[in-house]
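See below for the structure under consideration.
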Amino acid sequence: MELVQDNSTDGYEKKSGRSAPVVPNFFTEGKGPKGRTDVAKRQACYDGAIGARAMLHARSYANGGAMVYDGNAYTITSTYHDGVLRMYTTHHTEQERSQR
């Protein structure tokens with residue numbers, strides 16, 4: 001299955017005759033023996049943030065456009081380096097309002 005980015009919906013769609021939205025919510029980063037653990041963690045954190053944003057928009061679309069910040073994690077990332085698998089979750093939070 002080949003996925004193509006659909007900028008009109010902030011998601012991805014299958015490249016076929018039928019269109020059905022696909023939102024990725026699991027990402028993994030692997031590094032070889034000379035790779036750095038901190039780089040893998042940073043890449044996984046970035047991937048998780050992008051995935052969490054996609055999930056937030058998909059959920060808001062399903063809720064009639066209302067953004068729901070319920071504190072639950074809808075995106076999981078992992079890193080694998082030097083025989084160790086680490087799992088992370090990404091929680092989307094509402095932006096704090098400035099009191100100026």
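The values are calculated or read from the model by the stated rules, or taken from the named source; none is laboratory data. For clarity, every value in this text was computed on a predicted model and none was experimentally measured. For neighbour counting, all protein chains shown are included, and Cβ atoms are generated from backbone atoms with ideal geometry for every residue, glycine included.
From the set of residues in the stretch 22-41 that are assigned to a helix (DSSP H, G or I) and in contact (Cβ under 8 Å) with a residue 24 or more places away in the chain, which is surrounded by the fewest Cβ atoms within 10 Å (Cβ to Cβ)? Residue satisfying both the conditions and the ranking: 37. Scan the stretch 69-78 and tell me whether some residue there is under 30 Å from residue 33 (Cβ atoms), part of a helix (DSSP H, G or I) and touching a residue at least 12 places away in the same chain (Cβ under 8 Å). No, because not a single residue in the stretch 69-78 is under 30 Å from residue 33 (Cβ atoms), part of a helix (DSSP H, G or I) and touching a residue at least 12 places away in the same chain (Cβ under 8 Å).
When you go through 44, 58 one by one, which is the residue that is among the hydrophobic types (A, V, I, L, M, F, W, C), in a helix (DSSP H, G or I) and closer than 13 Å to residue 29 by Cα? Full working, then the answer.
Numbers: 58 fails: closer than 13 Å to residue 29 by Cα.
Of 44, 58, the one residue that is among the hydrophobic types (A, V, I, L, M, F, W, C), in a helix (DSSP H, G or I) and closer than 13 Å to residue 29 by Cα is 44.
If you take the residues of the stretch 5-54 that are at pLDDT 85 or above and among the acidic types (Asp, Glu), which of them is nearest to the chain's Cα centre (by Cα)? Residue satisfying both the conditions and the ranking: 47.
Scanning the stretch 47-96 for residues that are surrounded by 18 or more Cβ atoms within 10 Å (Cβ to Cβ) and among the aromatic types (Phe, Trp, Tyr) yields one hit, 74.
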